[in-house]
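Bear in mind that the values in this text are calculations on the coordinates, not laboratory data. It should be emphasised that the depicted structure is a prediction, and the values quoted were computed from it without experimental measurement. Please note: Cβ atoms are built from the backbone with ideal geometry, for glycine as well, and neighbour counts cover all protein chains shown.
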Amino acid sequence: MLELISKKGLDELKAKGKSEPNVVKTAKCKTIVKKRYIHENLIRNLKPHIIDEPPGLLGDDTAPNPTEALLAALGSCICVGIQANCVDKNIAIKSLDMELEGDINISAVWGVGDLNPKKELGVTDIRMKINLDADISESEKKAIIDNAIKWSPVANTLLRNVRLKEV
């Protein structure tokens, strides 16, 4: 069995969310260019999170690239939601993993390549294969997965327009 989060902790977090429904937290990250395309991302008091590019994109291939990190963030966020939904329903998880693929046209080369204004920029399609092994029916698995996707902050960020501005 997979070691899951605390049911008591989840219940406390649920109660807090219901009692303070309008609370907005601000996530922060400082990105520092170290050399070429190697970036050190400082988040809270954690070890730096490194982002790089593969050799085909002129990087050193030392870490995931930004698009891969985006897929990792989405996968992690949805898996967190699946785990929370299972814990909330007292469902033991034997294993949980997720495979993600994203399609991106990179010919704009960060604004110095093909700059056709009709070009669709960014990741256009993401495919997710979620493998949830638990002693529940397929319809229960689907309901849990659908709910986790519906309430995933990262999925919702990708599915709607975000106000992005330089300050």
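Could you work out [θ]222 nm for the chain from helices alone, using -39500 (n - 2.57) per DSSP H run of at least four and dividing by all its residues? Round to the nearest 500 deg cm²/dmol.
Working: 4 runs with 56 residues, N = 167.
Per the formula, -11000 deg cm²/dmol.
So for the pair H49, L13, with labels modelled 7 Å out along Cα→Cβ, what separation do we get in nm?
Rounded to a tenth, the inter-label distance reads 1.6 nm.
Testing the spin-label approximation: label points 7 Å from Cα along Cα→Cβ at D97 and T26. State their distance in nm.
Result: 4.0 nm between the two label points.
Filter the cross-link list K34/K119; K119/K165; K16/K141; K25/K165; K47/K150; K28/K165 down to pairs whose alpha-carbon distance in this structure exceeds 25 Å.
Details: K34/K119 31 Å; K119/K165 22 Å; K16/K141 27 Å; K25/K165 18 Å; K47/K150 31 Å; K28/K165 15 Å.
Cα-Cα > 25 Å for K34/K119; K16/K141; K47/K150; rest within.
Give, as a single signed number, the net charge of other residues whose beta carbon lies under 12 Å from the beta carbon of P66, with Lys and Arg counted +1 and Asp and Glu -1. It would help to have the intermediate numbers written out before the result.
Working: positive: none; negative: D52, E53, E68.
Charge balance near P66 sits at -3.
Mind giving me the nanometre distance, one decimal, between the label points for V80 and R163, set 7 Å out from Cα along Cα→Cβ?
2.3 nm
All other residues with a Cβ under 15 Å from the Cβ of P48 taken together, and with Lys, Arg as +1 and Asp, Glu as -1, what is their net charge?
On the way: positive: K28, K30, K34, K35, R44, K47; negative: E40, D52.
Neighbour charge sum, excluding P48 itself: +4.
I need the calculated FRET efficiency for the pair N41 and I106, taking r as the beta carbon distance and R₀ as 22 Å, to the nearest 0.05.
Using R0 = 22 Å, I get an efficiency of 0.55.
FRET efficiency for D88 and T62, Cβ-Cβ distance as r, R0 = 35 Å, nearest 0.05?
So, using R0 = 35 Å, E works out to roughly 0.35.
Could you give me the percent of Cα pairs per 5 Å distance bin for the chain, shortest bin first, beginning at zero and ending with the bin that holds the maximum distance?
All Cα pairs, binned at 5 Å, distribute as 1, 7, 12, 16, 18, 16, 13, 8, 6, 3, 0 percent.
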